[in-house]
Amino acid sequence: MTDEIQHSPKANAVVTKDATAVPAATPEAERKPWEPVYVKVDLPPVPPEMLKTTRIYEVFLLFDPTEATKSWDKLVEFVKGLVEGRHGGLVLKTDNWADSRKLAYEIKGLRRGTYMLMYFRAKPAIINTLDAELRLDDRVVRHMIVMHEKAPDQLTGRVRQRAAEDFEEEDFGRRRDDDWGDDDYGYDDD
Amino acid sequence: MAEEFERDSGGFRGRGRRGGDYGGGGFNGLAPDRGRKKAQRCRFCREQSEYIDFKDLQAVTKQCTAQGKLFSRKRSGNCARHQRMVNGAVKRARYMALMPFVG
């Protein structure tokens with residue numbers, strides 16, 4: 001049984017080449033307003049044997065802000081160590097997504113938190129173990145590992161043109177015949 | 001001229017045969033399609049989004065009420081595919097404390 005990733009039929013067309021490859025940009029004059037724009041993103045080179053056996057994942061972690069400011073590098077090293085050291089993955093990008101952001105609700109007495117976002121390539125088989133390891137560590141308050149079949153916008157550098165703003169903001173509101181619906185839809189009703 | 005079949009209101013009460021604002025789509029038994037071209041009502045379809053990121057709070061918080069409840073598809077205007085993505089994104093955002101469960 002090969003190590004090769006089996007992709008869903010829809011993704012197949014894209015991922016036979018390097019998923020982070022970016023299509024050639026259309027020149028400024030011809031570009032339509034809804035066509036995406038690509039900015040350059042610096043990524044480490046992917047060894048060719050990894051291209052077919054690994055998937056692109058993203059892990060989003062929540063830390064205590066005081067601890068994060070003290071030892072941010074140690075935390076990054078810890079996660080990197082798990083991905084690259086223990087499991088032979090390749091970290092693509094690491095970000096401090098938010099520094100001491102107010103949380104939507106209190107977690108373990110914590111009202112603010114620091115978020116780390118990391119993109120990496122790894123074999124699918126290791127994800128369960130990685131998840132368990134992140135859960136074990138006391139410093140990681142929450143984590144979420146997300147799979148990407150195609151490279152996400154942050155890696156391709158695609159800047160999405162928000163076509164929605166070109167139209168007037170459609171709020172469908174309460175339909176006149178919505179007699180059986182809830183009463184608390186809408187922003188203005190309170 | 002006699003009608004071949006009974007038209008019922010199709011759930012749209014008080015709108016008569018014309019269907020009021022809803023004419024032009026050919027809903028169940030109401031006035032037939034008037035040939036009006038319908039603009040895409042799903043904002044994600046217009047953007048041709050393939051993935052709705054739970055971290056993209058600008059887009060995702062708009063899919064909930066002020067109380068943090070998800071909007072129904074009828075209210076949000078999303079297509080089925082994107083509504084499913086929205087639901088997943090909101091639930092992930094709630095878990096990661098980017099959005100509230102209540103409030």
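Here, each number is a calculation from the coordinates, and none is a lab measurement. Owing to the predicted nature of the structure, the values given are computational and were not obtained by experimental measurement. Every residue, glycine as well, gets a Cβ built from its backbone with ideal geometry; the counts of neighbours run over all protein chains shown.
Observations, loosely collected:
- Lysine pairs in segment B:32-103 with Cα atoms under 29 Å, if 8 or more residues apart or on separate chains: 12
- Classified by the C-alpha gyration tensor, segment B:43-95 has an oblate form. Its axis ratio a/c, with a ≥ b ≥ c, is 1.5 or above, and a/b does not exceed b/c.
- The stretch between A:D137 and A:A125 holds 2.3 nm of extra length on full extension. This uses 0.36 nm per residue minus the Cα-Cα distance.
- The Cβ shell under 13 Å around B:V60 holds other residues with a net charge of +4, Lys and Arg each +1, Asp and Glu each -1.
- FRET efficiency, 1/(1 + (r/R0)^6) with R0 35 Å, evaluated for A:T94 and A:E4 via beta carbons: 0.80
- Unit charges on C-beta of K, R, D, E only; dipole of segment A:50-151, Debye: 200 debye
- Neighbourhood charge, 12 Å Cβ-Cβ cut-off, centred on A:G85 and excluding it, Lys, Arg +1 and Asp, Glu -1: -1
- Segment B:84-99-segment A:48-100 distance, computed between alpha-carbon centres (Å): 21 Å
- Prolate/oblate/rounded call for segment A:50-151, Cα gyration tensor, a/c under 1.5 rounded: prolate
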